[in-house]
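Below is one structure, written out as structure tokens, with a few remarks after it.
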Amino acid sequence: MNDQPSRCGYVAIVGRPNVGKSTLLNHLLGQKLAITSRKPQTTRHNMLGIKTEGPNQIIFVDTPGLHGDQDKAINRYMNRAAASAARDVDAVVFVVERTRWTEGDQLVADKLRGIKCPLIIAVNKVDQLDDKGGLLPQLQALAESHPKAEIVPISALRGINLDALEEVILKHLPEGQHFFPEDQITDRSSRFLAAEIVREKIMRQLGAEVPYQVTVEVEEFKQDGPILHISAAILVERSGQKRIIIGNKGERIKQIGSQAREDMERLFDSKVMLNLWVKVKSGWSDDERALRSLGYRD
Ligand code: GDP
Ligand code: K
Ligand code: MG
């Protein structure tokens, strides 16, 4: 075992919104790093999740889903991030959902047509399968349309067949030294992760429209003895949205805050004092400059 060569490489996780890319990243890492929700476009930024195990280091790149809607600066930003991640990697994992091949999947497949690196298609959510036989025709069709790809059925949520997926990935990584220290799990700062956790609670709690008009900015992040003090501003486009997030007698924002705090305490392994407030900053989501100042960097 000891003379096994060490492998290290980058693996992009791509796919249309909501197929389970971030869930997959978290379960491969064995830790909740990326935020997830039932809403498309929960993930806005590329993010590395680094898994070092034995001689190997796999550097996963979670991406926003590629989507056709390019009307706003924030959407164009997300598409650029997803498209750029698929370049300069050693392998691409294209996540699709069992039973359904949509226009969105086709858009991603078209973008991937020219890639030089190995393509692995992960057919996710097989736990939802009531009739296991139903999977076979889909796998067959995928194999025919992507003759060079390796196809692995998985459930990211239930952890089904993820070992097999990892084995297939490892096979394609080059031999070489690790790029990151063994204990590093992401390229993102703790402040970024804290902001994302707050945004996840908003994505999960609020109805259709508001979450897309929200961004979160961490203004204070300071360890003081056993307590980590975090203050974050929730930026919205309009005052009506501010009222919705605050909720009746502040109920909603209190709930968002206490759920976010729990996740933060787990991730940062510390007691957390979390302070949230809501600010109206109209136009942030459709203004390239405002996006950059809020940390939406290419
Ligand atoms: P992303 O937009 O591709 O990053 O998708 P997310 O990881 O945010 O997941 C979207 C939704 O699909 C969430 O509600 C997840 O809980 C759900 N999901 C992800 N993987 C699975 C799976 O294997 N089985 C089931 N049943 N649901 C899943
Ligand atoms: K999602
Ligand atoms: Mg995601």
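Read the figures in this text as sums done on the coordinates, not as results from a lab. Given the structure is predicted, the values throughout are model-derived calculations rather than measurements. In this analysis, Cβ positions are derived from the backbone assuming ideal geometry, glycine residues included, and neighbour counts consider all displayed protein chains.
Distance between the C-alpha centres of region 229-271 and region 90-132: 34 Å, rounded to the whole angstrom. Considering only Ala109, Thr63, Leu276, and ranking their Cα positions along the charge dipole of the chain that arises from unit charges at the beta-carbon of Lys, Arg, Asp and Glu, the one farthest toward the positive end is Leu276. The label-point distance for His229 and Asp287, in a model that sets each label 7 Å from Cα toward Cβ, rounds to 3.0 nm. Each of Val108, Val278, Val152 was scored by other Cβ atoms within 10 Å of its Cβ. Listed from fewest to most, they are Val278, Val152, Val108.
A Gaussian network model of the chain, with springs between Cα atoms under 10 Å, assigns the largest mean-square fluctuation among Lys72, Lys201, Lys32 to Lys72. Along the chain, the exposed loop sites are GluC sites (Glu not before Pro) outside DSSP states H, G, I, E and B with at most 11 other Cβ atoms within 10 Å, and the longest stretch free of them is 1-181. When the Gaussian network model of the chain links Cα atoms closer than 10 Å, the mean-square fluctuations of Gln184, Gln205, Gln255 top out at Gln184. Every helix of 4 or more DSSP H residues in the chain counts as -39500 (n - 2.57), and over all residues that averages to -10500 deg cm²/dmol at 222 nm. Our note on the geometry: Cα centres of region 19-59 and region 183-225, 15 Å apart. For region 214-298, the dipole from Cβ point charges (+1 on Lys and Arg, -1 on Asp and Glu) about the Cα centre works out to 380 debye, to the nearest 20.
Placing +1 on each Lys and Arg Cβ and -1 on each Asp and Glu Cβ, with no other charges, gives region 117-162 a dipole about its Cα centre of roughly 120 debye.
Students often get this wrong, so check it: of Lys32/Lys72; Lys39/Lys111; Lys201/Lys279, which have C-alpha atoms separated by over 26 Å? Listed pairs above 26 Å: Lys32/Lys72.
When the Cα positions of Val96, Ile154, Thr215 are compared along the charge dipole of region 66-221, Val96 comes out farthest toward the positive end, with charges on each C-beta of Lys, Arg, Asp and Glu.
For the options Gly134, Gly49, Gly15, a Gaussian network treatment of the chain with springs between C-alpha atoms closer than 10 Å singles out Gly134 as fluctuating the most.
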